[in-house]
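The values are calculated or read from the model by the stated rules, or taken from the named source; none is laboratory data. None of the values given here were measured: they were computed from a predicted structure. All Cβ positions, even for glycine, are placed from backbone atoms using ideal geometry, and neighbour counts span all protein chains on display.
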Amino acid sequence: MMKTSQRGIDLIKSFEGLSLTAYPDPGTGADPWTIGYGHTKGVKQGMKITENWAEELLRDDLAEFEAAVNGMVKVRLCQHQFDALVSLTFNIGASAFSDSTLLRLLNSGMYDDAALQFQRWNRAGGNVLAGLTRRRMAERKLFEDEQ
């Protein structure tokens with residue numbers, strides 16, 4: 001079972017940002033409430049945490065997405081590829097990753113074609129978001145180990 005390296009954790013943190021106070025979904029202004037580095041489970045309005053608690057929540061959340069990537073990817077991965085895939089899955093969810101063309105291509109051994117698929121995951125609510133475009137570019141670069 002592969003685990004996310006510090007390089008992967010730093011990438012996720014850089015895009016998730018840190019909030020020690022719960023905030024609502026930016027698109028709806030309601031659920032899901034988020035805190036720490038993108039943590040949503042059990043978060044309620046008015047909740048506050050410490051930075052250490054945010055770190056613990058992130059590591060707990062990462063375990064779920066590491067298990068998903070470890071379970072779904074059937075080809076050999078280098079650490080940087082695993083880190084990029086965990087970052088993507090952390091952001092889009094394990095269900096979306098499981099149904100993705102990226103995963104299908106990767107499991108067919110088509111690493112270069114799979115890398116091109118990162119850029120397709122830059123929309124929310126049907127709209128291209130600059131932040132997601134930047135994140136996908138960074139994940140792709142990490143996947144290709146160009147960082």
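Within region 19-42, the only residue that satisfies the criterion of being under 12 Å from LEU58 (Cα atoms) and surrounded by fewer than 15 Cβ atoms within 10 Å (Cβ to Cβ) is LYS41. Put simply, of VAL69, VAL128, VAL75 the only residue that is of a type in the set (Val, Ile, Thr) and surrounded by 13 or more Cβ atoms within 10 Å (Cβ to Cβ) is VAL69.
Being within 21 Å of ASN122 (Cβ to Cβ) and either at pLDDT 95 or above or touching a Phe, Trp or Tyr at 6+ places or on another chain (Cβ under 8 Å) (or both) is the requirement here; does LEU20 meet it? For LEU20, the condition - within 21 Å of ASN122 (Cβ to Cβ) and either at pLDDT 95 or above or touching a Phe, Trp or Tyr at 6+ places or on another chain (Cβ under 8 Å) (or both) - is not met. All of (1) under 27 Å from ASP99 (Cα atoms); (2) touching a helix residue (DSSP H, G or I) at 6+ places or on another chain (Cβ under 6 Å); (3) not polar (S, T, N, Q) hold for GLY36 with one exception: (1). Residue count for region 25-54 under the criterion of being within 21 Å of SER14 (Cβ to Cβ), in contact with a strand residue (DSSP E or B) (Cβ under 8 Å, 6 or more places away or on another chain) and not in a loop (DSSP other than H, G, I, E, B): the result is 6.
What's the total number of residues in region 58-94 that are farther than 16 Å from GLY8 by Cα and of a type outside the set (Val, Ile, Thr)? Matching residues across region 58-94 total 6.
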